[in-house]
1. Kindly state, as a whole number, the per residue volume in cubic angstrom of the convex hull around the alpha carbon atoms of region 157-226.
2. Most fluctuating residue of Pro189, Pro117, Pro29 in a GNM of the chain with Cα springs under 10 Å: which is it?
3. Starting from 0 in steps of 10 Å, tell me what percent of the Cα-Cα pairs of the chain lands in each bin.
4. Amide H neighbours of Ile56 under 5 Å, counting only residues 5+ apart in sequence or on other chains, H built in-plane at 1.01 Å?
5. Around Asp134, which amide H atoms from residues at least 5 apart in sequence, or from another chain, sit under 5 Å from its own amide H, with H modelled in the peptide plane?
6. With the chain treated as a Gaussian network of Cα nodes joined by springs under 10 Å, which of Val124, Val179, Val12 yields the largest mean-square fluctuation?
7. Which FRET efficiency, nearest 0.05, do Ala194 and Glu157 yield, Cβ-Cβ r, R0 22 Å?
8. Relative to the first principal axis of the alpha-carbon coordinates of the chain, what is the inclination of helix 9-25, with its axis defined by its Cα atoms, in degrees from 0 to 90 and to the nearest 10?
Amino acid sequence: MSMPFYVAPEQVMKDRAEFARKNIARGRPLVTGSYAGGIVICAENASDLLHKVSEIYDHIAFAGVGRYNEFDQLRIAGIRAADLKGYSYSREDVDARSLANQYAGILGNIFTHEMKPMEVEILVAEVGATPEDDQLFHILYDGSVVDEHRFSVLGGEAETIAGRLGEAYEQVTDLGSAVRAAVAALAGPERTIAADDLEVALLRRTTARRAFRRIEGTELEGLLNA
């Protein structure tokens, strides 16, 4: 009788992490930033139908990079969880932190117990009354949660893009400058990204119940060319 092949648990986890990181880096990154008027989320995405950025609930948005079908399943699960909690208790009880914790549990469980980890990184953003009240939770493929401040970068070349975004964000004062800083950070110094290849959404700092809206078409072109 042959002995089963043994692989150390540490090596298994290392291989899974490397697999997830490599495949996530193949996709196009996404950036988000908080400013006086709200939270801007900007992704390089040429598709008009397959969205990386979506509304989850009232003042909360979801964004994902990596394998689309996997982070879209997480988006749907988040909407259902938020709706159930809001219906069972109150709408004010639905918050980004609890959703981020649920996502972390799902991703961590899959990373630990399944053969293949999910090839995704996701963001849960909630706009507050002031920029200091904004919540940006970056959840990694292994269930790790990072509480970001001011801005966050998901996907490949995150450190390089974050460096460019940090420099540009010192000049952000309004929606236009926030969008231009995000797009410039994504593009880098050697290329430009057309409005048709971008997906941009905004969580407005408003007292209205729903804060999420998309920025597209002539409005986006005007902001980029201002």
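Here, each number is a calculation from the coordinates, and none is a lab measurement. Every value quoted in this text rests on a predicted model; they were computed, and no experiment measured them. Backbone-built Cβ (ideal geometry, glycine too); neighbour counts: all protein chains shown.
1. That works out to 110 Å³ per residue.
2. Top of the fluctuation ranking is Pro189.
3. Cα pair-distance distribution for the chain, in percent: 8, 33, 35, 17, 5, 2, 1, 0.
4. Answer set, sorted by chain and number: Ala61, Phe62.
5. So Asp134 has HN proximity to Gly128.
6. Taking springs between Cα atoms under 10 Å, the residue moving most is Val12.
7. Calculated value: 0.65.
8. Roughly 30 degrees, rounded to the nearest 10.
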